[in-house]
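Peer 1: Quick one: structure below, then a few questions.
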Amino acid sequence: MEKLSGLVLDPYDDYNGAVLRSLFSSPAQVPGLIKSAARLTPEHRERLPDDLFAVVLQDGDLVLRKYATADAGNTALSVLYFLKTAHRLPAVAQKVAAARLCEACSWYDIQPPKDLQKLAIGVGTVLG
């Protein structure tokens, strides 16, 4: 899991907003659903159950939880970040995360992107 340490994978790793800025050229272009995402503090994320994250990797006492799905806004934002950054994850983690994100999309009546659906059923991986 050391290979994943320090990588920007989800919005909570993106301290300077570089990934978000690469997705939207201006704040006005950010969809309302994304803007509705609750800002989850580290303490709040720690209290959330594992099933509200698309990726949960454990190595001994170290647990890595990424791509929060605690509300519709976080789910939509996690999908966008996943499609942009998932190439940094092992292929099996990509498939599991894609399936979990598709499931979370269904909770909030969000139509998952075709690329996410393909990954969830095991058709390819995110290449970068």
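The values are calculated or read from the model by the stated rules, or taken from the named source; none is laboratory data. Not measured: the values here are computed from a predicted model. Quick reminder, even Gly has a Cβ in these numbers, built from the backbone with ideal geometry, and neighbours come from all protein chains shown. The accessibility values were calculated without ligands, DNA or RNA, using every heavy atom of the protein model including side chains. Shrake-Rupley method; radii C 1.70, N 1.55, O 1.52, S 1.80 Å.
The rows are residues; the columns are (1) polar (S, T, N, Q); (2) part of a helix (DSSP H, G or I).
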position: VAL19; (1), (2): no, yes
position: LEU33; (1), (2): no, yes
position: HIS44; (1), (2): no, yes
position: VAL56; (1), (2): no, no
position: THR75; (1), (2): yes, yes
position: LYS95; (1), (2): no, yes
position: ALA98; (1), (2): no, yes
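Peer 1: Filter region 21-31 for residues that are part of a loop (DSSP other than H, G, I, E, B) and more than 14 Å from THR75 (Cα to Cα); which is most open to solvent (accessible area, probe 1.4 Å)?
Peer 2: SER25
Peer 1: Step by step: first the residues of region 52-94, then only those that are of a type in the set (D, E, K, R) and within 13 Å of the chain's Cα centre (by Cα), then the one that is surrounded by the fewest Cβ atoms within 10 Å (Cβ to Cβ). Which residue is that?
Peer 2: Among residues in region 52-94 that are of a type in the set (D, E, K, R) and within 13 Å of the chain's Cα centre (by Cα), the one surrounded by the fewest Cβ atoms within 10 Å (Cβ to Cβ) is ARG88.
Conditions (1) out of contact with any Leu (no Cβ under 9 Å at 6 or more places or on another chain); (2) charged (D, E, K, R); (3) at pLDDT 95 or above; (4) under 22 Å from TYR15 (Cα atoms), marked per residue:
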{"position": "ALA37", "(1), (2), (3), (4)": "no, no, yes, yes"}
{"position": "ASP51", "(1), (2), (3), (4)": "yes, yes, yes, no"}
{"position": "GLY60", "(1), (2), (3), (4)": "yes, no, no, no"}
{"position": "LYS66", "(1), (2), (3), (4)": "no, yes, yes, yes"}
{"position": "ALA76", "(1), (2), (3), (4)": "no, no, yes, yes"}
{"position": "LEU83", "(1), (2), (3), (4)": "no, no, yes, yes"}
{"position": "ALA91", "(1), (2), (3), (4)": "yes, no, no, no"}
{"position": "PRO113", "(1), (2), (3), (4)": "no, no, yes, no"}
